[in-house]
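Down below is the structure, laid out as structure tokens.
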Amino acid sequence: MEKPRKPHILAKLSTEAPRTSSSDYTSLLKLKAPTWTRHDLQEAIEAVVTQKMRFTQASTKYGIPKGTLYDNILGKSKRMMVLEEAGLNSNEETAVLEFCCDISISPYNRRTKKSLNVILNFVEKLRRKRDPGFVFTGLSGFRWWWAFCKKHSIVSLYFNDENENE
């Protein structure tokens with residue numbers, strides 16, 4: 001005699017799906033609504049890009065998910081492509097590494113205390129030797145520095161304290 005088969009688990013799930021009332025749906029929507037405003041997002045972006053806060057600090061202070069900050073500052077995809085747009089050759093990349101991290105003295109401990117502004121000015125001067133019109137615009141400089149740090153495993157220790165001079 002053959003044993004009776006149990007119904008497939010997916011069949012059971014589809015027939016026994018919980019019913020949600022419109023009030024349940026409304027409360028779910030309320031939970032999903034962001035607790036931050038567009039102004040909060042702009043302030044958080046400004047704080048990160050000017051190195052007043054790190055991504056995690058801004059995320060916590062303004063109540064914005066870190067992924068949302070990353071997407072709004074760095075873009076949603078192809079974040080490393082900005083390296084190609086800056087167009088540094090290998091000698092120029094080495095010059096930037098030496099400027100930021102003193103790699104001739106400490107080749108593996110790649111840390112920098114230089115500000116983003118100082119680094120971008122250095123890179124722009126370097127690139128203008130080949131392309132006099134080169135300039136970082138908008139968020140492109142921050143995006144380039146983020147990708148450069150990822151590529152070369154650089155830890156930026158710089159913190160922009162408004163009470164200090166650069």
For LYS151, are the conditions met, namely being outside any loop (DSSP other than H, G, I, E, B) and surrounded by fewer than 12 Cβ atoms within 10 Å (Cβ to Cβ)?
yes
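Inside the stretch 91-123, can you point out the residues that are of a type in the set (Val, Ile, Thr) and assigned to a loop (DSSP other than H, G, I, E, B)?
ILE103, ILE105
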When the stretch 46-94 is checked residue by residue, the ones that are farther than 30 Å from PRO107 by Cβ and of a type in the set (Phe, Trp, Tyr) are TYR62
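Only residues that are among the small types (Gly, Ala, Ser) and either at pLDDT 95 or above or in contact with a Phe, Trp or Tyr (Cβ under 8 Å, 6 or more places away or on another chain) (or both): list them for the stretch 32-66, please.
Residues satisfying the conditions are ALA44, ALA47, ALA58, SER59, GLY63.
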Restricting to the stretch 67-88, name every residue that is surrounded by 14 or more Cβ atoms within 10 Å (Cβ to Cβ) and basic (Lys, Arg).
ARG79
How many of the residues making up the stretch 112-124 are within 12 Å of LEU88 (Cβ to Cβ) and among the basic types (Lys, Arg)?
0
Within the stretch 37-56, can you find the residues that are part of a helix (DSSP H, G or I) and loosely packed, with under 15 Cβ neighbours inside 10 Å?
ARG38, HIS39, GLN42, GLU46, THR56
Residue pairs qualifying under the 7 Å Cβ cut-off, at least six apart or on distinct chains, with the first in the stretch 92-121 being closer than 17 Å to GLN51 by Cβ and the second being among the small types (Gly, Ala, Ser) and outside any helix (DSSP H, G or I), are THR112/SER156
Options ARG143, ARG111, ARG127; residue that is over 26 Å from HIS39 (Cβ atoms), at pLDDT 95 or above and surrounded by 13 or more Cβ atoms within 10 Å (Cβ to Cβ)
ARG127
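The values are calculated or read from the model by the stated rules, or taken from the named source; none is laboratory data. From a predicted model like this one, the values you see are computed outputs, not experimental measurements. Because the Cβ atoms are built from the backbone with ideal geometry, glycine has one as well, and the counts that use them run over all protein chains shown.
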